[in-house]
Each structure stands twice: as structure tokens, then as C-alpha cells.
């Protein structure tokens with residue numbers, strides 16, 4: 001079952017925190033989605049076992065699961081659910097648990113749901129320095145990880161786990 005979730009989180013990091021706090025059982029894929037209607041924010045889509053009851057979620061979390069809807073943000077939760085598996089940024093996906101430390105690129109492609117690694121500037125590389133933070137995006141129906149060279153024969157995900165916010169060093 002696919003559930004769209006929306007608690008009006010304004011950052012990807014806050015949406016991911018919400019995801020880890022939810023009792024969703026053995027979710028197999030979870031994605032963040034930028035919602036640009038109304039007040040821009042981040043919603044989630046989650047693939048869960050059919051026995052998960054979305055009505056058991058905290059009442060402040062709007063959701064959409066099939067024809068079942070609840071909450072003021074149910075429409076944007078439905079948008080996230082509709083985009084699941086074709087759009088958004090994957091936080092949890094098959095094989096994501098193995099992506100810690102440094103992993104062979106061949107293993108990433110063979111043992112995870114990631115279909116492609118696109119290296120900025122091109123070239124082929126043997127190792128992926130995961131930084132324990134791998135967030136591929138759905139592009140043309142494929143799960144694609146953007147990466148950048150970080151050393152000899154080594155790449156890392158382009159998205160940093162703890163980016164410095166814009167203007168963080170300004171008053």
C-alpha cells in the first residue's frame with residue numbers, strides 16, 4: 001500500500017525526521033516530495049505492508065491512502081502518494097541499509113534499487129563514499145543518484161548530509 005503523508009514540514013530534514021518517528025512497520029520505500037501548491041513544503045510517500053492502518057497515525061498528520069483521506073493537507077498527501085516510485089527523492093529504498101561507509105559502485109547498482117549513478121563531470125569510478133547519506137531521485141522512472149568525484153577512483157553523493165544553510169555565516 002502507498003500512503004502519502006503531510007504534516008506541513010518546511011524542510012527535507014524535518015520531513016525525514018517525521019518519517020523515522022512514524023509507526024509504519026516494514027516500509028520498503030519512502031520518498032520526500034516538494035509540494036509547490038499553497039505554502040511550499042515537503043510531503044512524504046511511503047510503501048508499507050497492507051496491514052498498516054493509516055488512521056492510527058497522529059491526527060496532526062494528514063494522509064492519503066487509496067480513497068481514504070484525512071486532514072487539511074490530504075490533497076498534497078495524495079499528490080505525494082501519486083508520485084511514489086516515479087518522482088521525489090528516496091530516503092528509504094531496497095538496499096539502502098547497506099549503503100554505509102565506502103561501497104563498490106558495482107555493488108550499489110547490483111544490490112540496491114538505484115538504477116544509475118550520474119557523476120558530475122562524467123567518468124567512471126569504482127567506489128562510493130556514502131557518508132552514510134544516500135538520497136537518489138526518481139528521474140524518468142529510474143532511481144538515479146547524483147554523485148561527484150571526491151578522490152582517486154572515488155565518488156560521493158552530491159547531496160551532503162549536513163549542508164551549511166544559505167547565509168549561515170551572515171548576521
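Note on residue 28 and residue 97: the extension gain reaches 23.8 nm, defined as 0.36 nm multiplied by sequence separation minus the Cα-Cα distance. Each 10 Å bin from 0 upward holds the following percent of the Cα-Cα pairs of the range 39-108: 17, 42, 25, 14, 2. Taking 77, 106, 30 in turn, the Gaussian network model of the chain (Cα-Cα springs below 10 Å) assigns the largest fluctuation to 106.
Derived from the Cα gyration tensor, the three semi-axes of the equivalent ellipsoid of the range 94-157 are 16, 14, 10 Å, largest first. When the chain is treated as a GNM, springs tying every alpha-carbon pair under 10 Å, which of 105, 150, 91 comes out with the largest mean-square fluctuation? Of 105, 150, 91, the most mobile in the Gaussian network model is 150.
When Rg and the Kirkwood radius Rh are both evaluated on Cα atoms of the range 2-91, their ratio Rg/Rh stands at 0.91. Run the numbers on the range 94-157 and let me know its relative contact order in percent, using alpha-carbon pairs under 8 Å that are six or more apart. In percent, rounded to a whole number, it is 36.
Short-range pairs are left out: with C-alpha atoms under 8 Å and at least six residues apart, the relative contact order of the chain is 20 percent.
Binning the alpha carbon pair distances of the range 49-170 at 5 angstrom intervals from zero yields the distribution 2, 10, 17, 17, 14, 13, 12, 9, 5, 2, 0, expressed in whole percent. Listed by Cβ neighbour count within 10 Å, with the fewest neighbours leading, 93, 63, 133 appear as 133, 93, 63. By the helix-only formula, in which each DSSP H run with n ≥ 4 contributes -39500 (n - 2.57) and the sum is divided by residues, the chain has a 222 nm mean residue ellipticity of -4500 deg cm²/dmol.
No value in this document is a laboratory result; all are computed from the given coordinates. This is a predicted model, so every value here is computed, not measured. Glycine gets a Cβ as well: all are built from the backbone with ideal geometry, and neighbour counts include every protein chain shown.
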